[in-house]
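Step one of this worksheet: look at the structure below.
The values are calculated or read from the model by the stated rules, or taken from the named source; none is laboratory data. None of the values given here were measured: they were computed from a predicted structure. Note that each Cβ is placed from the backbone with ideal geometry, even for glycine, and that neighbours are counted across all protein chains shown. Side chains are part of the model used for accessible areas, which takes the heavy atoms of the whole protein and leaves out ligands, DNA and RNA. Shrake-Rupley method; radii C 1.70, N 1.55, O 1.52, S 1.80 Å.
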Amino acid sequence: RLNEDYGYHIDLHLYDDDRFYETVYRQAWLGEQGKKAAKSYIGMDDYVMLEPVYATSYIITGMEEPIEGGFDIFIDKEIYDMEEDPYEAKSWHYSYQNHQTYGIHNNCADYGKVLVLGDSYEASMIPFLTLGIQDLRLVVLRSMKNQSIHEIIDKGDYDTVIIAYAQFMIGSHDNEENANYRMFTLE
């Protein structure tokens, strides 16, 4: 959609199936719904970790120290613990990022400056989106302190803003003190 509707020129061949390694973990994790229904009813799910076969190069800022590396810097392999109690284990699809506000520069791309406003639904999307764009900034609104969405957008000179929230999170809480209650009022 970025190419079709917003003037991007992302090489879609970056996303061809044969351009990724697959590491398959069989009977490895219990998804969110499985935790509610119980392992004995649902069984464990397989998990497929994807990594590009081609060279990638990133700089991630926003932490104490910038991190430089390839696509593997997005993957927290400590989550892939086959011995951990599946009811206590983190969701494996969150292995693709740690949830915080940060910026990503792709040294292999020459266009695109995207702001993503997210809550965790963007977790597995972000690394793959960055394969085709030059700069991405992720902002988790509930972690913002003393800065408005207007300020972030105005100062960032973004080409595109993507809102990646679960529909049930947006304004769904009756508690006005909850970070999600007024997240998109743009006040």
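Does the range 9-22 hold any residues that are touching a strand residue (DSSP E or B) at 6+ places or on another chain (Cβ under 8 Å) and surrounded by 12 or more Cβ atoms within 10 Å (Cβ to Cβ), and which are they?
Matches in the range 9-22: LEU14, ARG19, PHE20.
For the range 40-62, check the following and say yes or no: at least one residue is among the small types (Gly, Ala, Ser), more than 19 Å from the chain's Cα centre (by Cα), surrounded by 15 or more Cβ atoms within 10 Å (Cβ to Cβ) and modelled with pLDDT under 80. Walk me through it before giving the result.
Restricting attention to the range 40-62, the residues satisfying the condition of being among the small types (Gly, Ala, Ser) are 40, 43, 55, 57, 62.
Checking which are more than 19 Å from the chain's Cα centre (by Cα) leaves us with 40, 43, 55.
The next check asks that each one be surrounded by 15 or more Cβ atoms within 10 Å (Cβ to Cβ); those that pass are none.
Scanning the range 40-62 turns up no residue that is among the small types (Gly, Ala, Ser), more than 19 Å from the chain's Cα centre (by Cα), surrounded by 15 or more Cβ atoms within 10 Å (Cβ to Cβ) and modelled with pLDDT under 80.
Which residues, counting only those in the range 106-134, are assigned to a strand (DSSP E or B) and crowded, with 19+ Cβ neighbours inside 10 Å?
Residues of the range 106-134 that are assigned to a strand (DSSP E or B), as a first pass: 106, 113-118.
Within the range 106-134, ASN106, VAL114, LEU115, VAL116, LEU117, GLY118 meet the criteria.
When the criteria are applied in full, TYR181 fails the requirement of being closer than 19 Å to ARG1 by Cα and at pLDDT below 80.
Among the numbered conditions (1) open to solvent by less than 60 Å² (accessible area, probe 1.4 Å); (2) farther than 21 Å from GLU4 by Cβ; (3) modelled with pLDDT of 85 or more, the only one that VAL140 does not meet is (3).
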